[in-house]
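The structure appears below as structure tokens.
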Amino acid sequence: MGLPSKHRLKRRLNFQSVYQQGIRRSSRYFIVRGLRVDESVSVYTQIGISVSRKVSKKAVVRNQIKRHIRVAFRSLLPQISSPWFIVIVVKPEVKECNYEHFLRELEKLLIKANIINGY
């Protein structure tokens with residue numbers, strides 16, 4: 001199962017605000033951008049995923065990567081206390097990852113960005 005609709009970042013304006021005002025942390029496979037939002041803007045943490053054609057020319061592969069990330073985030077969501085807008089940018093090296101590696105890598109990045117166990 002993927003993420004519920006209330007946890008998906010959909011609006012272009014929200015993506016732009018994360019890119020302009022948010023924090024940025026990177027690892028070998030992902031770049032995490034995050035913006036802590038006021039509860040008047042959103043009650044839920046919302047996640048957007050960006051997989052470019054540099055990762056794979058095939059839409060099937062790109063969509064499969066997005067599904068893996070959504071499932072990984074579903075297990076990480078309870079650890080995020082306050083509402084955040086999070087954008088995950090996938091690097092081309094991610095093709096050699098499996099699900100367990102996705103989960104570990106994302107958890108490390110979220111801890112590094114103080115999204116998990118943060119303020």
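For the reader, a short list of remarks on this structure follows.
- Inter-site label distance for L77 and S27 at 7 Å from Cα along Cβ, in nm: 2.0 nm
- Normalised convex hull volume, the chain, alpha-carbon set, Å³ per residue: 102 Å³
- Pairs of Lys residues in the stretch 3-111, spaced 8 or more positions apart or belonging to different chains, with C-alpha separations under 21 angstrom: 17 in total.
- Selection of chymotrypsin sites (Phe, Trp or Tyr not before Pro), the stretch 1-87, meeting DSSP coil and at most 13 other Cβ within 10 Å: none
- A simple spin-label model places pseudo-atoms 7 Å from Cα toward Cβ; at A59 and K108 they are separated by 3.4 nm.
- Solvent-accessible surface of the chain, taken per residue with a 1.4 Å probe and all protein chains present: 59 Å².
- For the stretch 60-119, average projected area of the Cα convex hull in nm²: 4.1 nm²
- Rounded to 5, percent antiparallel among DSSP beta bridges of the chain: 60 percent
- With R₀ set to 35 Å, the beta-carbon distance separating E96 from S40 gives a calculated FRET efficiency near 0.25.
- 3J(HN,Hα) couplings calculated from phi for the stretch 24-34 with the Karplus curve 6.51 cos²θ - 1.76 cosθ + 1.60 (θ = phi - 60°) are, in sequence order, 9, 9, 9, 9, 5, 10, 9, 10, 10, 10, x Hz; Gly and Pro show x.
- A DSSP coil position with no more than 10 other Cβ atoms inside 10 Å describes the following GluC sites (Glu not before Pro) in the stretch 13-119: E39.
- Given 16 as the ceiling on other Cβ atoms within 10 Å, longest exposed-site-free region of the chain for trypsin sites (Lys or Arg not before Pro) in DSSP loops: 59-119
- Length gained when the stretch R11-S50 is fully extended (0.36 nm per residue, less Cα-Cα span): 12.7 nm
- A simple rule links phi to the HN-Hα coupling: the Karplus curve 6.51 cos²θ - 1.76 cosθ + 1.60 with θ = phi - 60°, which for the stretch 82-95 gives 9, x, 10, 9, 10, 10, 9, 9, 9, 8, x, 5, 5, 4 Hz, with x for Gly and Pro.
- Dimensions of the stretch 24-72 from C-alpha coordinates, computed as largest minus smallest value along each principal axis and given longest first, are 39, 20, 17 Å.
The values are calculated or read from the model by the stated rules, or taken from the named source; none is laboratory data. The structure presented is a predicted model; accordingly, all values stated were derived computationally and were not measured. Here the Cβ is made from the backbone with ideal geometry for all residues, glycine too, and neighbour counts use every protein chain on show. Heavy atoms of the whole protein, side chains included, go into the accessibility calculation; ligands, DNA and RNA do not. Shrake-Rupley method; radii C 1.70, N 1.55, O 1.52, S 1.80 Å.
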